[in-house]
Amino acid sequence: MELEVINSVEKEYDEDSAKVQNLNELESLRLKYLGKKGLITDIMAKFREVPAEQKREFGQKVNALKNKIEASVEEIKANLAQKAVDEEIKNTKEFDYSLPVDTKTGSLNPRTIIQKQVVDIFKNMGFIVEDGAEVETEYNNFESVNVPKNHPARDMQDTFWLDNGQLLKTQTSAAQNRILRDYGPECKVIFPGRVFRNEQLDARHENTFFQLEGVVVGKNVTVANLIYFEKEMLKALFKKDIEVRLRPGFFPFTEPSYELDAKCPFCNGRGCHTCGNSGWLELCPCGMIHPNVLRMGGIDPEEYNGFAFGMGFDRLVMIRTGLDDIRHLNSNNLKVMSQFKTKM
Ligand code: DAH
């Protein structure tokens with residue numbers, strides 16, 4: 001008698017399960033048979049009433065039915081999911097991959113593009129490329145490059161001080177000391193980087209701008225070597241020979257110090273808008289590294305010497321792109337940036 005109940009529940013399940021159309025109905029089905037108050041639970045409760053000699057068979061049959069229903073529910077679930085995917089595919093319009101696409105692609109900041117070009121040029125001349133931190137110690141940014149406290153040069157670089165006594169580096173020269181220590185007396189290293197000064201903003205001044213610094217240290221390094229590397233860099237960048245000149249400059253970290261100008265590559269020195277009619281572009285402050293700086297970098301100035309330069313990188317980018325407002329370079333205005341995709 002009890003065994004017949006199992007058969008009839010199985011039959012009922014087969015009929016019910018064949019009708020299931022969606023996940024809601026499937027859940028009702030599951031509850032009807034496998035739920036706490038479901039039919040399988042009901043049958044199991046009857047176990048006590050089953051005569052002893054039938055208990056074994058009864059138990060096996062109930063378990064088999066329970067397993068069957070569980071597996072069947074899972075199978076229906078998988079089928080419904082597959083049906084949903086098929087339906088979606090059926091309703092999706094075919095995509096024509098040959099149609100022209102009207103999406104805007106991004107573009108790099110011209111500063112990024114030119115920095116990569118200049119870095120590659122120096123790399124090809126055997127320079128190692130380094131970078132520096134943006135938060136620096138007072139020692140690295142000033143003292144180690146021969147700018148002691150109360151030195152007037154500190155006033156020229158309005159500094160963003162942090163509460164912990166550190167600062168946002170005002171010059172890439174801040175990495176000189178570490179680089180001299182890391183690479184020792186014979187080295188050729190460039191280190192581009194972002195620098196910060198508390199400046200009033202206008203078309204030529206930003207509080208966040210980029211420099212590209214270089215140091216070369218060895219035996220018998222001369223100003224002629226410095227001029228050579230700068231000229232090679234300009235030649236590779238502007239694809240022609242460019243004359244340079246040195247004017248006297250003053251920097252605490254170099255002695256002697258110079259301002260290196262390049263003959264304007266646009267008017268070849270005749271005078272134009274870019275060079276302000278002077279025929280020359282101020283390119284790069286530089287000089288022979290001061291013995292104090294070498295000494296603080298762990299290098300004996302009696303035995304070795306070297307040169308350093310610290311190009312204002314944004315200026316170079318403006319010359320190269322014709323952008324007349326430095327603020328464009330930090331704005332990341334897409335209208336401006338996208339012009340340089342193909343031009344450079
Ligand atoms: N650090 C200087 C500045 O920000 C630029 C500079 C001048 C760097 C001369 C040098 C150098 O390495 O030799 O104004």
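The values are calculated or read from the model by the stated rules, or taken from the named source; none is laboratory data. Every value quoted in this text rests on a predicted model; they were computed, and no experiment measured them. FYI the Cβ positions are ideal-geometry reconstructions off the backbone, even for glycines, and counts take in every protein chain you see.
Among the listed residues LYS66, LYS116, identify the single one that is more than 30 Å from ALA308 (Cβ to Cβ), out of contact with any Lys or Arg (no Cβ under 9 Å at 6 or more places or on another chain) and surrounded by 12 or more Cβ atoms within 10 Å (Cβ to Cβ). Quick ask: steps written out before the conclusion?
Details: LYS116 fails: more than 30 Å from ALA308 (Cβ to Cβ).
Criteria check complete, one pass: LYS66.
Based on what the data block shows, is TYR97 free of Cβ contacts under 8 Å to residues at least 24 places away in the same chain and aromatic (Phe, Trp, Tyr)? Outline the logic, then answer.
Details: free of Cβ contacts under 8 Å to residues at least 24 places away in the same chain: yes; aromatic (Phe, Trp, Tyr): yes.
Against the criterion (free of Cβ contacts under 8 Å to residues at least 24 places away in the same chain and aromatic (Phe, Trp, Tyr)), TYR97 qualifies.
Kindly indicate whether ARG197 is over 22 Å from SER173 (Cβ atoms) and not acidic (Asp, Glu).
Details: over 22 Å from SER173 (Cβ atoms): no; not acidic (Asp, Glu): yes.
For ARG197, the condition - over 22 Å from SER173 (Cβ atoms) and not acidic (Asp, Glu) - is not met.
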Please enumerate the residues belonging to the stretch 10-30 that are among the aliphatic types (A, V, I, L, M) and under 53 Å from the mean Cα position of the chain (by Cα). VAL20, LEU23, LEU26
Among the residues of the stretch 330-339, is there at least one that is surrounded by 14 or more Cβ atoms within 10 Å (Cβ to Cβ), modelled with pLDDT of 90 or more and either under 28 Å from ASP202 (Cα atoms) or within 16 Å of the ligand (Cβ to nearest atom) (or both)? yes
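Among the residues of the stretch 155-175, write down those that are assigned to a helix (DSSP H, G or I) and within 12 Å of the ligand (Cβ to nearest atom). Break it down into steps so the answer makes sense when it comes.
Just the residues of the stretch 155-175 that are assigned to a helix (DSSP H, G or I), to begin with: 155-156, 172-175.
MET156, THR172, SER173, ALA174, ALA175 - these are the residues of the stretch 155-175 that are assigned to a helix (DSSP H, G or I) and within 12 Å of the ligand (Cβ to nearest atom).
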So is ARG178 assigned to a helix (DSSP H, G or I), within 16 Å of the ligand (Cβ to nearest atom) and basic (Lys, Arg) or not? yes
Hey, does the stretch 110-131 have a residue that's modelled with pLDDT under 95 and within 14 Å of the ligand (Cβ to nearest atom)? no
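Of the residues ASN146, ASN140, ASN124, which single one is under 24 Å from GLY298 (Cβ atoms) and under 27 Å from the mean Cα position of the chain (by Cα)? It would help to see each step written out before you state the result.
Working: ASN146 fails: under 27 Å from the mean Cα position of the chain (by Cα); ASN124 fails: under 24 Å from GLY298 (Cβ atoms).
Sole residue among the options that is under 24 Å from GLY298 (Cβ atoms) and under 27 Å from the mean Cα position of the chain (by Cα): ASN140.
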Selection from the stretch 59-76 of residues under 18 Å from ALA45 (Cβ atoms) and touching a Leu at 6+ places or on another chain (Cβ under 9 Å) yields LYS61, LYS66, ILE69
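Restricting to strands (runs of 3 or more DSSP E) lying wholly in the stretch 203-284: which have 2 or more residues that are over 20 Å from ILE128 (Cβ atoms) and free of Cβ contacts under 8 Å to residues at least 24 places away in the same chain? Let's see the steps before the verdict.
Values: elements: 208-218, 244-249, 254-263.
Hits in the stretch 203-284: 244-249, 254-263.
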Selection from the stretch 210-255 of residues within 15 Å of the ligand (Cβ to nearest atom), among the hydroxyl-bearing types (Ser, Thr, Tyr) and surrounded by fewer than 21 Cβ atoms within 10 Å (Cβ to Cβ) yields THR222
Pairs under 6 Å by beta carbon, first residue closer than 14 Å to ASP202 by Cα in the stretch 306-328, partner of a type in the set (Phe, Trp, Tyr) and within 16 Å of the ligand (Cβ to nearest atom), six or more apart or different chains? ASP314/PHE209; ASP314/PHE210
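Mind telling me which of the residues GLY269, GLY276 ends up being on the phi > 0 side of the Ramachandran plot, away from the ligand (no atom under 16 Å from the Cβ) and in contact with a strand residue (DSSP E or B) (Cβ under 6 Å, 6 or more places away or on another chain)? Give the derivation first.
On the way: GLY276 fails: in contact with a strand residue (DSSP E or B) (Cβ under 6 Å, 6 or more places away or on another chain).
Going through GLY269, GLY276 in turn, the sole match is GLY269.
When you check ALA84 against the structure, is it more than 30 Å from MET337 (Cα to Cα) and not basic (Lys, Arg), yes or no? Write out each step before concluding.
Details: more than 30 Å from MET337 (Cα to Cα): yes; not basic (Lys, Arg): yes.
For ALA84, the condition - more than 30 Å from MET337 (Cα to Cα) and not basic (Lys, Arg) - is met.
So in the stretch 288-318, with the set limited to residues that are within 26 Å of the chain's Cα centre (by Cα) and away from the ligand (no atom under 16 Å from the Cβ), which one is nearest to ASN109 (Cα to Cα)?
Step one: filter the stretch 288-318 for residues within 26 Å of the chain's Cα centre (by Cα), giving 310-318.
This time we only want the ones that are away from the ligand (no atom under 16 Å from the Cβ), so: 317-318.
Numbers: VAL317: 10, MET318: 12 Å.
Ranking the qualifying residues of the stretch 288-318, first place goes to VAL317.
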